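*Asks:* Take a look at the following structure, please.
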Amino acid sequence: MGGLALGGLAPAAYAATSIADAATIPALVIGTGYGGCVAALRLAQAGVDVHMVEMGMAWDTPGSDGKVFANTTTPDQRSFWLRTRTKQPLSNFLGFPIDKNIPKYTGILDAEEFSGITVYQGRGVGGGSLVNGGMAVTPRRETFGDVLPGVNADEMYNTYYPRANAELGVGMIDPAWFDSTACYQYARVGRKHAQRSNFPFVFVPTVYDWNYMKQEAAGTVPKSALAGEILYGNNYGKKSLQKTYIPKIRATGRVTISPLHRVSTVRPTTGGYTVTIEQLNTTGDVVATKQVTAAKVFFAAGSVGTSKLLVKLKATGALPNLNGEVGKGWGDNGNVMCGRANHMWDPTGPLQSSIPTLGIDNWAAGGAFAEVAPLPTGIETYASFYLSITKTPHRAAFSWNAAANRVDLSWQTAWKQTSITAAKTIFDKINSKEGTIYRTDLFGIYKIWGDHLTYHPLGGAVLNRATDSYGRLHGYPGLYVVDGALIPGTTVVNPFVTITALAERNIEKIIATDL
Ligand code: FAE
């Protein structure tokens, strides 16, 4: 399929189903993000019938404005998972709070609050691919030992990273267009400042359809990245899983998907596992409870979703033989955000593509990889804005809180100081060189650092600890982890390419040996 056609297509509709009570299925996949889609596609191609269960919505039907997804500048009920007020990562602008009331709805972005950290996650068929920035980065090979110690790097770099990049449709911006288009002025300013402080900068590959973006800039197609679409979904140009793995999954004819269904329990039974599934309505109420039997169950509910399920199931006696590593080794990929105030003669432009494409690599010297991020407000802000991924030793654990009937996370906000220190190795130097200062109006009043959140939850069921070296959970044959929970807290860069590549590696082995 050509880039134009792919970019212009609305997300492919597929036959969403509602799984029947008492169904018996060979393979059940919990969650429809990267790990879940890889597992479902490869199992189906190997001849196994699969059912995918997704707590979020299908996101294949336009709302009253004719669009499937809401715009970042005008959040509505579609924007957040069961909240009555938005919780935007950038909470303030010019010091003023910008959150607003919305109807409670099974919207697309979950801002899940734990003590000390808010974890942003996508909800819906396609998982995080629906809401993420599309930055599709393979870690430099020399850093791979920090990411997945114990995994053969040759195999990953020769086979599974290339496979993941090809399936996800990863591509690079045309550098000549980057240099000329108004919508990346903000990134060119970021590059200039990085260069003047002698930092190496890199173009970041993405899954955006670059031909489509060029046409957006030319005004010949409906705007998506150039209309600021990102956090609440992208209506046209981004190649989310809805445009890559999911159509392939559908084409196998062997996979059914139940949106608005949430797995609550998995317990052993003769011939496999009994899985309890709650069907939700769009205000989040449980409208039906179903029990199905699956020979094999693949946990792909994301780092947080999978960890929460496993910790609860171990503690409450459904899966008591899971080992003591379950819930451990969770990290935030060192995420921290900040803005810098530029001089009036250094405008970043009122039109900013929502897809970041430039990074400042100070990993080796300072433990920070910073992306030049947009502030797509539609007005000139004179601000440079950055998301940094940093080296941090801190790892938290999930635990079952019986009194409150929920899973807690032992993260401490103070741990972000390590990340701030690493990010400052870049931005203190740039500020000093440029004679500029940090913005203090984006995360509260007089608050420089966005240190309250992560977009990159990783770990909680770590490879070679809670599972064997291919994601088979210790203690329960036929139970697998296939998502970001396997990765012990960092991918050094943005995570989804690594999550996809690891899932490709593991499922290949599982199909060859377990089925
Ligand atoms: P994920 O994609 O989170 O999928 C898990 C799915 O399971 C979700 O759809 C859940 O709704 C569903 N689920 C959870 N619990 C249950 C349950 N009990 N029953 C049924 N379903 C359930 O997992 N990464 C990058 O590499 N580049 C970026 O530019 C980037 N930007 C991001 C921006 C934002 C705002 C966010 C939130 C994330 C971003 N990420 C980015 C992170 C990336 O999307 C994330 O690492 C992956 O989506 C994780 O993939 P998993 O397969 O682990």
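*Asks:* Between the range 294-349 and the range 381-437, how far is it from one alpha carbon centroid to the other, in angstrom?
*Replies:* 15
*Asks:* Rounded to a whole number, what % of the accessible area of the chain do carbon and sulfur atoms account for, probe 1.4 Å?
*Replies:* 55
*Asks:* List the lysines whose alpha-carbon lies under 16 Å from that of LYS104, not counting same-chain residues fewer than 8 positions away?
*Replies:* By straight Cα distance, LYS104 reaches LYS87.
*Asks:* For Cα pairs less than 8 Å apart in space and 6+ apart in sequence, what is the mean separation divided by the residue count of the chain, i.e. the relative contact order in percent?
*Replies:* 23
*Asks:* How many Å² of accessible area per residue for the chain, probe 1.4 Å?
*Replies:* 35
*Asks:* With runs of 4+ DSSP H residues as the only contributors, calculate the mean residue ellipticity of the chain at 222 nm using -39,500 (n - 2.57) per run, divided by the residue total and rounded to the nearest 500.
*Replies:* -7000 deg cm²/dmol
*Asks:* Determine the distance separating the Cα centre of the range 478-504 from the Cα centre of the range 205-261; give it in Å without decimals.
*Replies:* So the separation of the two Cα centres works out to 22 Å.
*Asks:* While we're on this one: If you put +1 on each Lys and Arg Cβ and -1 on each Asp and Glu Cβ, how big is the dipole of the range 2-514 around its Cα centre, in Debye rounded to 20?
*Replies:* Dipole about the Cα centre, nearest 20: 320 debye.
*Asks:* Sticking with this one: Ordered by packing density, taken as the mean number of other Cβ atoms within 10 Å over each peptide's residues, highest first, how do 102-111, 457-466, 87-96 rank?
*Replies:* 457-466, 102-111, 87-96
*Asks:* For the chain, count all C-alpha to C-alpha pairs, find those more than 42 Å apart, and express that count as a whole percent of the total.
*Replies:* 13
*Asks:* Mind checking the full-extension length gain between ALA295 and LYS509? Use 0.36 nm per residue of separation minus the Cα-Cα distance, one decimal, nm.
*Replies:* 75.3 nm
*Asks:* Pop out the ³J(HN,Hα) list for the range 454-466 in order, Karplus 6.51 cos²θ - 1.76 cosθ + 1.60 with θ = phi - 60°, rounded to Hz; leave Gly and Pro as x.
*Replies:* My calculation for the range 454-466 gives 9, 9, 10, x, 9, x, x, 8, 6, 4, 6, 10, 6 Hz in order.
*Asks:* Still on this model: With charges set only on the Cβ (+1 for Lys and Arg, -1 for Asp and Glu), what does the dipole of the range 381-515 come to about its Cα centre, in debye to the nearest 20?
*Replies:* In total the dipole reaches around 360 debye.
*Asks:* Check PHE93: other-chain or 5+ apart residues with amide H under 5 Å from its amide H, H built from backbone geometry?
*Replies:* ILE98
*Asks:* Mind listing the long-range amide H neighbours of GLU371? Cut-off is under 5 Å, sequence gap 5 or more, other chains count too, H placed in the peptide plane at 1.01 Å from N.
*Replies:* Excluding prolines and chain starts, which carry no amide H, the hits are ILE360, LEU387, SER388, ILE389.
*Asks:* Which ³J(HN,Hα) values, rounded to whole Hz and listed in residue order, are derived for the range 371-378 from phi using the Karplus coefficients 6.51, -1.76 and 1.60 in 6.51 cos²θ - 1.76 cosθ + 1.60 with θ = phi - 60°, glycine and proline given as x?
*Replies:* Result, rounded to whole Hz: 9, 7, 9, x, 10, x, 8, x.
*Asks:* Shape call for the range 423-515 from the C-alpha gyration tensor, a ≥ b ≥ c root eigenvalues: rounded (a/c under 1.5), prolate (a/b greater than b/c) or oblate?
*Replies:* Prolate shape, in that a/c is at least 1.5 and a/b is the bigger ratio.
*Asks:* Computed over the Cα atoms, what is the radius of gyration of the range 125-239 divided by 2.2 N^0.38 Å, N being its residue count?
*Replies:* So the Cα radius of gyration is 1.23 times the expected 2.2 N^0.38 Å.
*Asks:* Projected onto the charge dipole of the chain (+1 at Lys/Arg Cβ, -1 at Asp/Glu Cβ, origin at the Cα centre), which of THR293, THR413, GLY190 gives the Cα projection farthest towards the positive end?
*Replies:* THR413
*Asks:* Now for a different question. Report the accessible area of GLU380, computed with a 1.4 Å probe over the heavy atoms of all protein chains in place, in Å² rounded to the nearest 10.
*Replies:* About 50 Å², rounded to the nearest 10.
*Asks:* I've got another one for you. Once the mean 1/r over all distinct Cα pairs of the range 214-268 is inverted, what Kirkwood radius in angstroms do you read off?
*Replies:* After inverting the pairwise mean of 1/r, the radius is 14.4 Å.
*Asks:* Could you tell me how many cubic angstrom of Cα convex hull volume the range 112-184 has per residue?
*Replies:* 191
The values are calculated or read from the model by the stated rules, or taken from the named source; none is laboratory data. It should be emphasised that the depicted structure is a prediction, and the values quoted were computed from it without experimental measurement. Glycine also receives a Cβ, built like all others from the backbone with ideal geometry; neighbour counts cover every protein chain displayed. Quick note on the areas: whole protein, heavy atoms, side chains included, nothing else; ligands and nucleic acids left out. Shrake-Rupley method; radii C 1.70, N 1.55, O 1.52, S 1.80 Å.
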